[in-house]
Every structure is written in structure tokens, then in C-alpha cells.
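The values are calculated or read from the model by the stated rules, or taken from the named source; none is laboratory data. Nothing here was measured: the structure is a model prediction, and the numbers come from that model. Glycine gets a Cβ as well: all are built from the backbone with ideal geometry, and neighbour counts include every protein chain shown. All accessible areas refer to the heavy atoms of the entire protein, side chains included, with ligands and DNA or RNA removed. Shrake-Rupley method; radii C 1.70, N 1.55, O 1.52, S 1.80 Å.
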Amino acid sequence: MTKKNTKDNERPLVEDIRLLGRILGDVIREQEGSAAYELIEQVRKLSVAFRRDANIEADKALKKLLKSLSGDQTVSVIRAFTYFSHLANLAEDRHHIRRRTVHERAGDTQEGSIDVALARLRWAGIAPKTIADMLAHSFVSPVLTAHPTEVQRKSILDAERDIAQLLTGRDAIKALALAVHAQSPAAAAKDALSPRELAANEAQLRARVMQLWQTRLLRFTKLTVADEIENALSYYEATFLREIPKLYANLERELGGQKIHSFLRMGQWIGGDRDGNPNVSADTLNYALSRQAEVALRHYLTETHLLGGELSMSAMLAGVSPAMQALANNSPDTNEHRQDEPYRRALTGVYARLAATLKNLTGGDAARHAVAPQNAYEKSEEFLADLRTIAASLNTHHGQALVAQRLHPLIRAVDVFGFHLATVDLRQSSDKHEEVVAELLATARVVPAYAALDEAAKRELLMRLLNDARPLRVVGAVYSTHAQGELAIFEAARDARVRFGKEAIRHYIISHTETVSDLLEVLLLQKETGLMHGTLDVPQLDTVPAELMPESPPEGGSPGSAVGDDEAWLDTLRPGDWLRLFLQGQWVHVQLLWPGERREIWLFGDGASDHTWAVRRRALLTLKANKLMKRLTRRSLVGRAARSVHAS
């Protein structure tokens, strides 16, 4: 690319920065006076002279000027340059999007994009169905974490988001004006609309910049956990709820219409991460999940209401499926004006159920009611089934175009976000778990000083307790505030999984994990609070079909025997290995999580859900002997593509 082309490409960025800088200067002159404006301009010019031209005299003058500033002048200069940096960043972000759009229109793709990844897979000869099958066994979860040191206020972020949208709108006005000019230069010369539109756009930019200047930059008080939760939820409303369904739609289109499993789901630590944060409690966990549910449900309510306005088809003009008709007939909507509009009647009923669900889960009320809230959904899968009934009817009765615009994105959103919005990960330091376990054991007179035991003794004790159905807590005993708080978190998590669905809480992260007992302590606390069902007692473990099990366990064979070979093969498995097993009457792909203390009880997970299997060594040997167990080599598809392209 030539130097001239580079400058041409950067011209829109320079124009935006100059526009925003000019508006900021005008606002400062108007709000702070000419003297403040001239001071800031002097600082700017000296800085540019030193930075661009290495002017030593400018550097000396700048340092002298800055040292002479009063407190108020210093604050004014800092605010001016802070806001200018923010505005310049917004212009750069807009230019990055602008350049990316230009490349995409030209058919170019950028490194790191989905388009590039899929192109490499195609070059390697990997079929779309193979990719879809791989994604069906995948789980990707970007996690939002709390940032208690974040100093920008939401008011500032909202105003800057508005400015970014106005810059986008300004590009659209200019693009339309260029199109008019290309079509007819004479018409462009008479174009009175574009200047008015640009002037109106600039007036709106000026209003937002003035809002920024008059809005306090920093908070007076430290963020609370509730503040952190609300800040995180604003990103769902502005981005994730609408953009993630678009990502799936684009992926399905690029893969030739292959149906893609919802492998990408959001996660959060905010409200569940109490490692080093004593302000996180059962109450904050409940608040986080309740607010998350409210954000998800209000989005669904809005989209359902809008769908009701769009799906106005009359039964006299378009047919419906029997399932769709049944859904309409079950609706409480008896308005005579909608009796021939089955989709609207059905969606009125769906809205009423969603409104009742919102009330049950969060205590909130829906914004509008055609009929009273009633018959709440017990789980998001019920709502999803109703939406799919509507979509299936439209698809089979010449209404495909109506599905793609709003209904299909809503279906994907419900599949991804459910009623919980995002999985909240629980997190705590291992030493805090040990303190609670030690207190429970001492109060129950099981062990007076659990922390003093060596690792082997801890493991043996914890395994014995995990095999014992009896609880450890003593009725009437008084436990420390710490123990009560930790147990309350586990109990809140148990209740939340019932209330919001199992996806609401899937993961427990143990900080500073160093030993197996660190893991078993958490498992014991889960057993104590009902998060773990039953015990680890061997008779209750998932195993192979009974008809395959020999009457006596296999004896250890000689090194060359089949049993001996299977034993040796089993001992080569390590945590993280993937296998294909026949468990509970079906083939499953599982990952080895833990081979057990003495390699007698093995724990497996499927990597895409919270389902786990605990299998005896004897059962694994039987599976291996019957060719119902195989180690998998899970290579990256992108890696395979790269190797294939390199080989060719």
C-alpha cells in the first residue's frame, strides 16, 4: 500500500478526532471560560512540539507551565486531556470497524476471524458436518469477572456509547451523500438534506460531550457487589443477548445450514466469587441470579410482544399446524378481534406465562398485560418448546421469512441464556473450606483437630465421610459466622439450581488447590448441603450393564494375559484423557477427571454439562475386555487443517 493510500485510509479517523476535539474545545471555552481554554491549548501545543519535533525548549516550557498551575487549573487540564483521550479512543474504535467493513466488502478476511478459521477447515477437507459434530461436544464460556478498581461510572460509559453510535450514524449520512453524488453530480450539488443531517448529528455529539464535561468522572464511594453485578448486566442488554444469536446464525450459514449446538454460553464470577471478598454472601448470590433472570426474562417479554405485532396472520388466509392450533386454543386470550389470529393468541398466552415466570423468579412485574400473568413456566425448556412450535408451523405454512428476523434469534437466545442468563461460578480459597470442615468435624466429635492431620489421613477420613449418608451438623450447635456463611452459600446454590435451572451454577473453583483433600473437602460440603446427592458408596456408582459383569472380580493376570494387558492399559490413563465408554446403556464421550485415591473409583465428566460418572475399576476392566472402552485422540480441527494445508 502506498503512502498516499495509507493517508487516504486514515483520513476519516483524522476527521473524526478533529471534529470531537473541536467540539470538546468549544464546550471547555463555553463552560470554563477563554482563559481555561487557552491554558489547555498551550499545554497541548507544547506537548505536540516536544513529542513530534523533539523540541527541547518546548519540553522546558511545558514543565515550567505545569509546575505553575493552581489546584483548580490542574484539575481542569487533567479533565480536558482525559476526555480527549476517551473521545480519540472512540474515534479509533469506529475507524477499526470502518476498515474491517471495507475489507469484508472486498472479500478480504482478517486473521483471528471465524471466516479465516472456517476457510482453513475447508482447505483441509473437513466437512461442515464434522465441524458441527465437534461443536456438539464442546463448551466455550467467556466469563465476566468483577473489577472493584474500575473507576469509570456507568453514566460516562453510556454517554460514550451514544457518541460511538452517533459517529456510526455520521458515516451513514456521508455514505448516502457519496452514493447520490456518484449517481448524479448535479443532484449532489442541490443536496440540502445531507448538510442538515450532519449538522443535527453534530448538535447531538455536542450535547453528549457537554454531558460528559458536566458529569463527575470518578465515584465518591467504592463499588459494592451489587454495583458490579449491575455493571456486568448492562453488557448483556447492550450486546450479548442480541449479538450471540447473530454469531450462531452466521456460523450456521457458513456451514451450509448445519444445525449448531449451543456450545457458546456466558459465565460470571460476579456474585459467586468470594475468594478474598467477604462481601460476597448467599444474599449476593441470590441477588445476582435474580437480577440475571430478570434481564433475560424482560428481553424475552419484549421480543414476544414484538412478535405478537408481527405475526398477524389470519387463519382464513394461512394455515397452521395442529400443534400450533392447540397452543392458540390453550391461550387465555379471548379477545374477539384476534379469534382468527392463532399466532397472536398463542403469543398472548406465552407472554402471560412469561410474565408469571418473571413474578415467580424475581418478584418483578411485566410492562404490559393483554391478559393477566398466569401459568408460569417451570423451566426455560417449556418456553423454548412453545417457540419451536410456532416456528415449525410458520416453516411448513409459507412463513419462513418471518422466522429468521426475530423468532429464530429469540429461540437461540432462550437456548443459550435460559432463565438464568449466565452460569455463576462459585469460587473460594481451599483454606477457607478446610476451616469449615475442621469446625464441623470438631463439633460432631469426629476429629478434634482435622487441620493437624497429614494428607493421607485427611483423604482416608474424607472418603469415609463421603461414603456415610449421615450429616455432620449437630442440631442446636452454634457454629462460627464463617462456617454459617460458607454453608449458606452452598445451600443457596442448591436452591438456585432448582429455581433457575442446573445451568445457573455449574462450576466450583477452588483457589490454591494443592492436594486431593482440597477437592474432597468441597465435595463433603456439597454432600452436607444437598448439592451432592447420595454418597460415594460403591453400590450406588454408575457402572456397566449388569449382564456384562462377571460374578467375581477379575484376578490379576500375568504380564502377557488379557487381564494383565487391560490392567496395564488402564494404569496409563491420566486426568484429562478423553475416552469413549458404554455407560448406562449408551455410548458417551467422557473425560477422566480423577482416577481415585487407590485407582478403585474413577470419576468422569462429559465436558459439556455438569453430568459426572463414578465408575469402579472392576467395571472399567469389564468394559475394556468387551471392547466397550476406547481412548480418544482429540486433536484440534484447526490444527488438523493447518497440518493438511502444510502437507499439500
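Before moving on, here are some points about what is shown:
- Scanning the range 353-369 for residues that are closer than 14 Å to Leu301 by Cα and free of Cβ contacts under 8 Å to residues at least 60 places away in the same chain yields Arg353, Leu354, Ala355, Ala356, Lys359, Asp365, His369.
- Filtered residue count, the range 373-396, keeping only those that are over 20 Å from His305 (Cβ atoms) and open to solvent by 60 Å² or more (accessible area, probe 1.4 Å): 5
- Some residue of the range 359-371 being in a helix (DSSP H, G or I) and closer than 23 Å to Lys259 by Cβ: no
- Residue within the range 430-449 that is in contact with a Lys or Arg (Cβ under 7 Å, 6 or more places away or on another chain) and modelled with pLDDT of 95 or more present: yes
- Tally of residues being over 33 Å from the mean Cα position of the chain (by Cα) and either farther than 22 Å from Ala355 by Cβ or without any contact (Cβ under 8 Å) to a residue 12 or more places away in the chain (or both) across the range 305-322: 10
- Total residues in the range 217-228, condition surrounded by fewer than 21 Cβ atoms within 10 Å (Cβ to Cβ) and within 17 Å of the chain's Cα centre (by Cα): 0
- Candidates in the range 237-279 are the residues that are basic (Lys, Arg) and touching a residue at least 60 places away in the same chain (Cβ under 8 Å); of these, the one that is least open to solvent (accessible area, probe 1.4 Å) is Arg274.
- Residue selected from the range 614-637 under the condition surrounded by 15 or more Cβ atoms within 10 Å (Cβ to Cβ) and at pLDDT below 80, by the criterion farthest from Glu111 (Cα to Cα): Ala614
- Unmet criterion (only one of (1) buried (at least 16 other Cβ atoms within 10 Å of the Cβ); (2) at pLDDT below 70) for Glu597: (1)
- Evaluated against (1) within 28 Å of Asp162 (Cα to Cα); (2) in a loop (DSSP other than H, G, I, E, B), Ala80 falls short on exactly one condition, (2).
- Meets criteria (in contact with a His (Cβ under 7 Å, 6 or more places away or on another chain) and among the aromatic types (Phe, Trp, Tyr)) for Tyr351: yes
- Scanning the range 174-198 for residues that are out of contact with any Asp or Glu (no Cβ under 9 Å at 6 or more places or on another chain) and modelled with pLDDT of 80 or more, we see that the one that is least open to solvent (accessible area, probe 1.4 Å) is Ser194.
- Filtered by the rule that a residue be modelled with pLDDT under 65, of a type in the set (Val, Ile, Thr) and part of a helix (DSSP H, G or I), the range 522-552 gives a lone residue, Val538.
- Flag for Thr145 being touching a residue at least 40 places away in the same chain (Cβ under 8 Å) and within 22 Å of Leu247 (Cβ to Cβ): yes
- Looking only at the range 564-579, residues that are open to solvent by 40 Å² or more (accessible area, probe 1.4 Å), farther than 13 Å from Leu620 by Cβ and not in a helix (DSSP H, G or I) come to 3 in all.
- Selection count where residues are among the aromatic types (Phe, Trp, Tyr) and surrounded by fewer than 24 Cβ atoms within 10 Å (Cβ to Cβ), scope the range 412-431: 0
- Boolean, Val590 is modelled with pLDDT of 70 or more, in a strand (DSSP E or B) and surrounded by 17 or more Cβ atoms within 10 Å (Cβ to Cβ): yes
- Hits in the range 490-521 (condition: touching a Lys or Arg at 6+ places or on another chain (Cβ under 7 Å) and part of a helix (DSSP H, G or I)): Ala504, Val516, Ser517, Leu520
- No other residue among Ser68, Ser76, Ser47, Ser85 is crowded, with 17+ Cβ neighbours inside 10 Å and of a type in the set (S, T, N, Q) apart from Ser76.
- Conditions (1) of a type in the set (Val, Ile, Thr); (2) part of a loop (DSSP other than H, G, I, E, B); (3) over 30 Å from Glu15 (Cβ atoms); number of the one not met by Val295: (2)
- Met313 falls short on exactly one of the conditions (1) open to solvent by less than 10 Å² (accessible area, probe 1.4 Å); (2) of a type in the set (A, V, I, L, M, F, W, C); (3) under 16 Å from Leu402 (Cβ atoms), and that condition is (1).
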